[in-house]
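Single-structure report; data block below.
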Amino acid sequence: MRTIAVIPARLASTRLPRKILREIVGRPMLAWVHDAVRAASGLDDVIVATDAAEIMALCEKNGWHARMTSPNHRSGTERVHEVAGAIAADVYLNVQGDEPLAHPEQIATLIGVMRNPQVQVGTIMTPASAEDIPNPNAVKVVSDATGRALYFSRAAIPFDRDRGGEVRHFKHLGFYAYRKTALDQFVKWTESSLERAERLEQLRFLENGIPIHVAETPHNTIGVDTEEDLRAVEKILTGRK
């Protein structure tokens with residue numbers, strides 16, 4: 001199974017400008033992401049997909065495989081689709097460039113989901129902390145007995161009405177794997193109503209009848225969107241060093 005990891009790396013981020021190039025413990029954020037993905041087993045290639053000459057220059061300096069992609073893409077999924085149109089593979093992984101706490105085991109778990117040839121889209125989840133459950137910035141996911149996602153939401157799902165304490169909550173981690181047929185369909189569909197309401201692009205697959213298979217990982221991450229996120233990640237990575 002030929003598997004390629006794509007790291008979408010857009011420079012013009014809104015909430016935290018130029019975050020992909022911000023330094024964490026003396027290294028650009030993108031370097032932390034690339035190292036984690038590169039360390040995972042089961043990958044045939046790792047490609048940074050960017051729209052910025054400055055990011056491309058960083059990749060060339062470090063000898064990373066990178067491709068310039070359209071500045072008009074609205075999401076990382078669209079950027080991955082462009083790469084998929086140029087480079088053949090059985091599976092394409094999407095690991096965002098703002099995930100400096102990415103772990104090789106997460107990548108391996110995601111690849112494992114796609115070993116079932118019937119799976120078109122895969123992703124991962126981790127047990128949600130008490131702080132994550134009410135936090136709208138931590139996306140929750142509920143899956144069925146076969147591991148297929150029932151729904152993703154910023155709300156606290158499932159709702160524990162009787163406060164029995166037996167309900168398990170899972171935080172969705174924004175790492176994806178796709179087959180090209182699923183990517184081809186995604187970019188043809190218009191933004192779905194649930195996607196628009198929750199601001200979660202993966203709901204476009206569910207609303208159009210494409211199951212998303214979810215695997216559990218013990219490793220949590222912090223996607224960096226704010227200065228607060230950046231400080232939290234720096235504290236963690238400083239501790240690791």
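The values are calculated or read from the model by the stated rules, or taken from the named source; none is laboratory data. Computed from a predicted model, the values in this text were never measured in an experiment. Here the Cβ positions follow ideal geometry from the backbone for every residue, glycine too, while neighbour counts run over all protein chains shown.
Please count how many residues of segment 108-133 are more than 21 Å from residue 4 (Cα to Cα) and either touching a strand residue (DSSP E or B) at 6+ places or on another chain (Cβ under 9 Å) or surrounded by 12 or more Cβ atoms within 10 Å (Cβ to Cβ) (or both). Write out each step before concluding.
Of all residues in segment 108-133, those more than 21 Å from residue 4 (Cα to Cα) come to 126-133.
Add one more test, that the residue is either touching a strand residue (DSSP E or B) at 6+ places or on another chain (Cβ under 9 Å) or surrounded by 12 or more Cβ atoms within 10 Å (Cβ to Cβ) (or both), and what stays is 126-129, 132-133.
Residues that pass the stated criteria total 6.
Taking first residues from segment 11-36 that are under 24 Å from residue 73 (Cα atoms) and partners that are among the polar types (S, T, N, Q) and not in a helix (DSSP H, G or I), the Cβ contacts under 6 Å between residues at least 6 apart in sequence or on separate chains come to 15/226; 16/226; 19/13. Within segment 165-183, one or more residues are under 26 Å from residue 79 (Cα atoms), of a type outside the set (Lys, Arg) and surrounded by fewer than 15 Cβ atoms within 10 Å (Cβ to Cβ).
Of all the numbered requirements in (1) touching a Cys at 6+ places or on another chain (Cβ under 6 Å); (2) in contact (Cβ under 8 Å) with a residue 60 or more places away in the chain, residue 48 misses one, and that requirement is (2).
Going by the structure shown, is residue 197 part of a helix (DSSP H, G or I) and modelled with pLDDT of 95 or more? In short, yes. Of the residues making up segment 55-92, those that are touching a Ser or Thr at 6+ places or on another chain (Cβ under 7 Å), under 22 Å from residue 215 (Cβ atoms) and either surrounded by 20 or more Cβ atoms within 10 Å (Cβ to Cβ) or among the hydrophobic types (A, V, I, L, M, F, W, C) (or both) are 89, 91.
Among the listed residues 167, 214, 233, 187, which satisfies the condition of being among the aliphatic types (A, V, I, L, M) and in a loop (DSSP other than H, G, I, E, B)? None of the others qualify; the one that does is 167.
Counting only residues that are under 22 Å from residue 181 (Cα atoms), in a helix (DSSP H, G or I) and in contact with a Pro (Cβ under 7 Å, 6 or more places away or on another chain), how many does segment 51-104 have? Steps first, answer last, please.
Keep residues of segment 51-104 that are under 22 Å from residue 181 (Cα atoms), which gives 67, 69-70, 72-96.
Still in the list and also in a helix (DSSP H, G or I): 76-86.
Add one more test, that the residue is in contact with a Pro (Cβ under 7 Å, 6 or more places away or on another chain), and what stays is 76, 79-80.
Of the residues in that region, 3 qualify.
Residues to consider are 36, 31; find the one that is at pLDDT below 95 and outside any loop (DSSP other than H, G, I, E, B).
Working: 31 fails: at pLDDT below 95.
Just a single option satisfies the conditions, and that option is 36.
Evaluation of residue 44 against the conditions (1) surrounded by fewer than 18 Cβ atoms within 10 Å (Cβ to Cβ); (2) modelled with pLDDT under 95 shows that the sole unmet condition is (2).
Return the total of residues in segment 105-121 being of a type outside the set (A, V, I, L, M) and in a helix (DSSP H, G or I). Total satisfying the criteria: 4.
Any idea which residue in segment 189-216 is surrounded by the fewest Cβ atoms within 10 Å (Cβ to Cβ), counting only those that are within 22 Å of residue 146 (Cα to Cα) and without any contact (Cβ under 8 Å) to a residue 24 or more places away in the chain? Spell out how you get there, then give the answer.
Going residue by residue through segment 189-216, those that are within 22 Å of residue 146 (Cα to Cα) are 202-216.
Subset that is without any contact (Cβ under 8 Å) to a residue 24 or more places away in the chain: 204, 207-209.
Details: 204: 22, 207: 14, 208: 14, 209: 7.
For segment 189-216, the residue satisfying everything is 209.
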